[in-house]
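> Okay, handing you the structure first.
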Amino acid sequence: MPPRPFFIRPEDALQKSIVSYCRLVLPDGWLVFSVPNGSNKSISAARIAKETGLLAGVSDLIVIGPNRKVLFVEVKTAKGVVSPEQYKFLESVRVMGFHGAIWRSVDDAANTFKALGVQVKGELQ
């Protein structure tokens, strides 16, 4: 039996590109990491995850830099829909003084860094 073809969801492919871009252009000392909230889990694994701190709506990526720069980023494709829980989470972090954003492209990441005055190592072509 031939192996099943590997399929990556469009949103995952976009997030992979954004993470690669961030790690390429952000200065040393910045952290970029994902929060695997949306992964498919069995019922028992989902229950354990919730009991150990899983929170609906938490952003896909967290980007942390010097001088207390912290960004919470929801990654969505051009047609992706932001859930009410995701909007609520982003609004909560904004009220606390952090940056919350929805990125639908690598350009959105570049524009956010520019708006925040982050000196990146390169520019998009």
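> Among the candidates F89, F7, which residue alone is open to solvent by less than 80 Å² (accessible area, probe 1.4 Å), more than 12 Å from the chain's Cα centre (by Cα) and more than 19 Å from K114 (Cα to Cα)?
F89
> Any residue in segment 81-101 that's free of Cβ contacts under 8 Å to residues at least 60 places away in the same chain: show its pairings with residues that are open to solvent by 80 Å² or more (accessible area, probe 1.4 Å) and assigned to a loop (DSSP other than H, G, I, E, B) at Cβ separation under 8 Å, as long as the two are six or more apart or on different chains.
So the pair list comes out as F89/L55.
> List every residue pair whose Cβ atoms sit under 7 Å apart, with the two residues 6 or more apart in sequence or on different chains, where the first one lies in segment 47-71 and is closer than 23 Å to Q15 by Cα and of a type in the set (V, I, T) and the second, anywhere, is open to solvent by 60 Å² or more (accessible area, probe 1.4 Å) and at pLDDT 95 or above.
I62/F33; I64/L31; V70/F98; V70/H99
> Give me the residue from segment 40-79 that is of a type in the set (S, T, N, Q) and loosely packed, with under 11 Cβ neighbours inside 10 Å and, out of that set, farthest from the chain's Cα centre (by Cα).
Residue satisfying both the conditions and the ranking: S44.
> Let me ask you something else. Please verify whether T112 is closer than 17 Å to K16 by Cα, surrounded by fewer than 18 Cβ atoms within 10 Å (Cβ to Cβ) and touching a residue at least 24 places away in the same chain (Cβ under 8 Å), treating the condition exactly as stated.
Spelling it out, it is not the case that T112 is closer than 17 Å to K16 by Cα, surrounded by fewer than 18 Cβ atoms within 10 Å (Cβ to Cβ) and touching a residue at least 24 places away in the same chain (Cβ under 8 Å).
> Among the candidates V82, V19, V106, single out the residue that is of a type in the set (A, V, I, L, M), farther than 23 Å from Q119 by Cα, open to solvent by less than 60 Å² (accessible area, probe 1.4 Å) and within 15 Å of the chain's Cα centre (by Cα).
Of the residues listed, the single one that is of a type in the set (A, V, I, L, M), farther than 23 Å from Q119 by Cα, open to solvent by less than 60 Å² (accessible area, probe 1.4 Å) and within 15 Å of the chain's Cα centre (by Cα) is V82.
The values are calculated or read from the model by the stated rules, or taken from the named source; none is laboratory data. Predicted model, so just to flag it, every value in this text is computed and none were measured. Glycine also receives a Cβ, built like all others from the backbone with ideal geometry; neighbour counts cover every protein chain displayed. Ligands, DNA and RNA are excluded from the accessible area calculation, which covers all protein heavy atoms including side chains. Shrake-Rupley method; radii C 1.70, N 1.55, O 1.52, S 1.80 Å.
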